[in-house]
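Contents: one structure, followed by commentary.
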Amino acid sequence: MGFFQMLVQQLLNGLSQGAIYALIALGYTMVYGIMRLINFAHGDVYMVGAFCGFFLTADLHWPFPAALVASMLLTSLLGMIIERAAYRPLWNAPRLTMLITAIGVSLFLENLFIVLVSPDPRTYPAGVLPQHTFQFFGGVRFTLNDVLFWGVTAVLTFGLQFFVQNTRSGQAMRAVSFDSDAASLMGIDVGQTVSLTFAVGSFLAGAAGVLIGTVYQIDPLMGIMPGLKAFVAAVLGGIGIIPGAVVGGLILGEVESLVSWAGFSNYRDAVAFIILILILLVRPSGLFGSTAKEKV
């Protein structure tokens with residue numbers, strides 16, 4: 001395989017990883033857009049989604065499509081429970097209090113699953129998805145899993161954009177994001193809108209967890225690093241902006257793939273945080289964000 005074919009191969013690999021980051025980053029960006037909160041428990045919702053898919057396919061022998069949808073619904077319910085139980089009582093508290101609470105919820109979910117399912121890694125049942133490899137362009141390969149990653153991410157992203165722009169609930173989300181007090185005066189139920197936002201974000205994280213479980217082992221601590229990297233992706237694209245979260249996730253996946261290809265795989269995690277530092281120094285609003293002066 002020549003240099004150009006190897007480059008295309010790495011770009012395809014990065015696209016698959018970036019699709020996962022994009023799905024998780026969408027949840028970060030939606031919650032931040034509504035509440036100005038970095039929900040650090042979001043990576044652990046992704047972990048819960050992976051385990052839901054595992055138990056549905058391995059123990060209950062559900063077909064993969066049904067397990068995927070059910071896991072997404074279960075994680076959306078979890079997101080609503082987290083919002084109601086952990087964040088809603090603190091709406092009027094300082095933002096730092098909510099941030100600390102988010103870290104506490106993250107640690108709670110991780111340790112809860114260590115107790116419930118043990119810390120041992122699990123693997124999805126063999127044959128949960130048909131194994132098929134496509135080859136083109138002088139040896140460049142991608143699998144059915146890759147196609148699934150790209151397809152599910154594209155469908156959910158466009159579906160989310162349509163939902164936010166063209167439905168009453170989506171319009172309510174945009175109104176609350178712009179000015180929650182004014183939205184409340186206009187008759188919008190702010191609490192219900194915030195809860196729906198958590199549900200939608202967790203719905204997407206659940207999809208990412210099930211998809212990644214078809215390729216890699218899962219364990220109760222699997223959400224820590226992807227969650228942090230998805231946060232980097234959201235900041236890179238412009239946190240609070242849906243297309244920005246997707247583009248940021250794809251860029252981060254491609255950069256990691258190219259760094260590994262260059263022989264620096266030990267530094268692929270560090271590169272994500274170097275990107276975070278650089279974007280905060282050079283363009284804090286992200287690639288798609290706009291800077292605005294705040295009146296005092």
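Quick notes on this one:
- The calculated P(r) of the range 105-176, using every Cα pair and 10 Å bins from 0, goes 15, 20, 24, 30, 11, 0 in percent.
- Exposed trypsin sites (Lys or Arg not before Pro) absent: longest stretch of the chain, with sites in DSSP loops and at most 15 other Cβ within 10 Å deemed exposed: 37-292
- Annotation: peptides 66-75, 255-264, ranked by per-residue average of other Cβ atoms within 10 Å with the highest first, follow the order 66-75, 255-264.
- What separates the Cα centres of the range 222-296 and the range 116-176 is a distance of 20 Å.
- Under the span-like rule (Cα at least 27 Å along the axis, Kyte-Doolittle mean at least 1.6), DSSP H helices of the chain: 95-117
- Cα extents for the range 176-278 along the principal axes, largest to smallest and rounded to whole angstrom: 57, 31, 19.
- Value at 222 nm in deg cm²/dmol, rounded to 500, when DSSP H runs of n ≥ 4 in the chain each add -39,500 (n - 2.57): -23500 deg cm²/dmol
- In terms of packing, defined here as the mean over residues of other Cβ atoms within 10 angstrom, the peptides 237-244, 156-163 line up highest first as 237-244, 156-163.
- For q = 0.09 Å⁻¹, Debye-computed log10 I/I(0) when each Cα of the range 3-282 counts as one equal scatterer: -0.41
- Using only Cα coordinates, the Kirkwood hydrodynamic radius of the range 124-224 works out to 16.5 Å.
- Pairwise Cα inverse-distance average, inverted: Kirkwood Rh of the range 1-123 (Å): 16.6 Å
Values quoted throughout were computed directly from the atomic coordinates according to the rules given, and no laboratory measurement underlies them. Everything numeric here is computed off the predicted structure, so don't read it as measured data. Cβ: placed from backbone, ideal geometry, glycine included. Neighbour counts: every protein chain shown.
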